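A.B. asks: Attaching a single structure in structure tokens format; questions to follow.
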Amino acid sequence: MYDLIILGGGPAGLTAGLYAARSRLKTVLIEKTYLGGQIVNTYQLENYPGYEEISGADLIAKMEAQVRKHGLEIVNEDVESLDITGDVKKVKTSNKTYEAKAIILAMGATPKKLGVPNEDRFIGAGISFCATCDGAFYRDATVAVIGGGNTAVEDALYLTKFAKKVYIIHRRNELRATKIEQEKAFANEKIEFIWDTVVVDVEGEYGVERLKLKNVKTGEESTLNVDGVFVAIGYAPNTELVKGIVDLDEYGYIMTDDDMRTNIPGVFAAGDIRHKSLRQVITAAGDGAIAAYVAEKYIDSLKK
């Protein structure tokens, strides 16, 4: 029997693990793949306090070293099912069943797909969701980035290190990215914007060769020759395991109060999986700290 189970090894889960371990709670963090989540694929962070510049991978490496120093138990297993409505929270993985008095849900979110006919065919053969993972494969190539938020603009800027031409295709006529990121993109001669436009399909023989586009205002269709496409149109919360168990908002994010409590006693949520206005590394870390602190108080209350 553990005091606390943390599901997810991104900044929220790792911060929760740090606070729990330092509070001497018997804690296990379960991550199905690798620690870090989305942030591992960010080549440069400029807005995390204390670091003028640091890569996502380096920041996570520092977080991991810190939590291991304090004795946090970390396991890499795939969670198959949850039973978290009772006093004892149970997590069944492919290897065993873990039990605890409280649980923190920090499974993050996954990049959304375009939803066009040939998308699945070209994933890994010209369609990517990670510029820092695959950008180096497109030296002197022409690529497109789909989206208009921070991730899309940051991806486009990163891709200019390799590609000779980068198109940003956005369904609106203005970006949603922060002003400083917009300024960088507008000033970069390699980047060209295609406004009010969506991708309706991806075409090619063995890999991506062109995009079929549609102007959402005029209805005019066109084609754009590209060697690759990077999709950055937002994220979907990884809440499949808790649908019908904890309260979710209309987009599938977990509803909590300011102390990260869900509608079920002893069940907390932190990070990008939670309903909130800003999803950044720093807010995920803050969520994780609060969740672990309040979880500790909950666990203490069970002893009285």
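A.B. asks: Just to be sure, is ALA131 closer than 23 Å to LYS214 by Cα and either surrounded by 18 or more Cβ atoms within 10 Å (Cβ to Cβ) or touching a residue at least 12 places away in the same chain (Cβ under 8 Å) (or both)? Quick ask: steps written out before the conclusion?
C.D. replies: Numbers: closer than 23 Å to LYS214 by Cα: no; either surrounded by 18 or more Cβ atoms within 10 Å (Cβ to Cβ) or touching a residue at least 12 places away in the same chain (Cβ under 8 Å) (or both): yes.
Here the answer is no, as ALA131 does not meet what is asked.
A.B. asks: Filter the stretch 77-88 for residues that are in contact (Cβ under 8 Å) with a residue 60 or more places away in the chain and either farther than 12 Å from ILE30 by Cβ or assigned to a loop (DSSP other than H, G, I, E, B) (or both) and give the result.
C.D. replies: Pass one, the stretch 77-88, residues in contact (Cβ under 8 Å) with a residue 60 or more places away in the chain: 79, 81-82, 84-85, 87-88.
SER81, ILE84, THR85, ASP87, VAL88, listed by residue number.
A.B. asks: Check whether at least one residue in the stretch 262-284 is acidic (Asp, Glu), surrounded by fewer than 20 Cβ atoms within 10 Å (Cβ to Cβ) and assigned by the TED database to the domain that holds VAL79, and report yes or no.
C.D. replies: Narrowing the stretch 262-284 to residues acidic (Asp, Glu): 272.
Filter again for surrounded by fewer than 20 Cβ atoms within 10 Å (Cβ to Cβ), leaving none.
No, because not a single residue in the stretch 262-284 is acidic (Asp, Glu), surrounded by fewer than 20 Cβ atoms within 10 Å (Cβ to Cβ) and assigned by the TED database to the domain that holds VAL79.
A.B. asks: What's the number of the condition ALA136 fails, among (1) open to solvent by 30 Å² or more (accessible area, probe 1.4 Å); (2) touching a helix residue (DSSP H, G or I) at 6+ places or on another chain (Cβ under 8 Å); (3) of a type in the set (A, V, I, L, M)?
C.D. replies: (2)
A.B. asks: Let me ask something else. For the stretch 4-46, name all the residues that are among the basic types (Lys, Arg) and at pLDDT below 95.
C.D. replies: So in the stretch 4-46, the residues among the basic types (Lys, Arg) come out as 22, 24, 26, 32.
Once the filter is applied, which keeps residues that are among the basic types (Lys, Arg) and at pLDDT below 95, the stretch 4-46 yields only LYS32.
A.B. asks: Run GLU183 past the list (1) of a type outside the set (Ser, Thr, Tyr); (2) without any contact (Cβ under 8 Å) to a residue 60 or more places away in the chain; (3) open to solvent by less than 20 Å² (accessible area, probe 1.4 Å) and report the number of the one that doesn't hold.
C.D. replies: Just one mismatch for GLU183, condition (3).
A.B. asks: Next question. Exactly one condition in (1) assigned by the TED database to the domain that holds LEU157; (2) touching a residue at least 40 places away in the same chain (Cβ under 8 Å); (3) assigned to a helix (DSSP H, G or I) is not met by GLY17; state its number.
C.D. replies: Unmet condition: (1).
A.B. asks: Could you grab me the full set of residues in the stretch 242-275 that are within 18 Å of the chain's Cα centre (by Cα) and either part of a strand (DSSP E or B) or at positive phi (or both)?
C.D. replies: Within the stretch 242-275, LEU248, GLY252, ILE254, ALA269, GLY271, ARG274 qualify.
A.B. asks: Still on this structure: Any residue that is over 30 Å from ALA136 (Cα atoms), outside the structural domain of THR178 (by the TED database) and in a helix (DSSP H, G or I) - is there at least one of those in the stretch 231-240?
C.D. replies: Within the stretch 231-240, one or more residues are over 30 Å from ALA136 (Cα atoms), outside the structural domain of THR178 (by the TED database) and in a helix (DSSP H, G or I).
The values are calculated or read from the model by the stated rules, or taken from the named source; none is laboratory data. As the structure is a prediction and not an experimental result, all values here were calculated from the model. Counting neighbours? That spans all protein chains shown, and the Cβs are built from the backbone with ideal geometry, glycine included. Accessible surface is based on the protein model in full, side chains and every heavy atom, while ligands, DNA and RNA are left aside. Shrake-Rupley method; radii C 1.70, N 1.55, O 1.52, S 1.80 Å.
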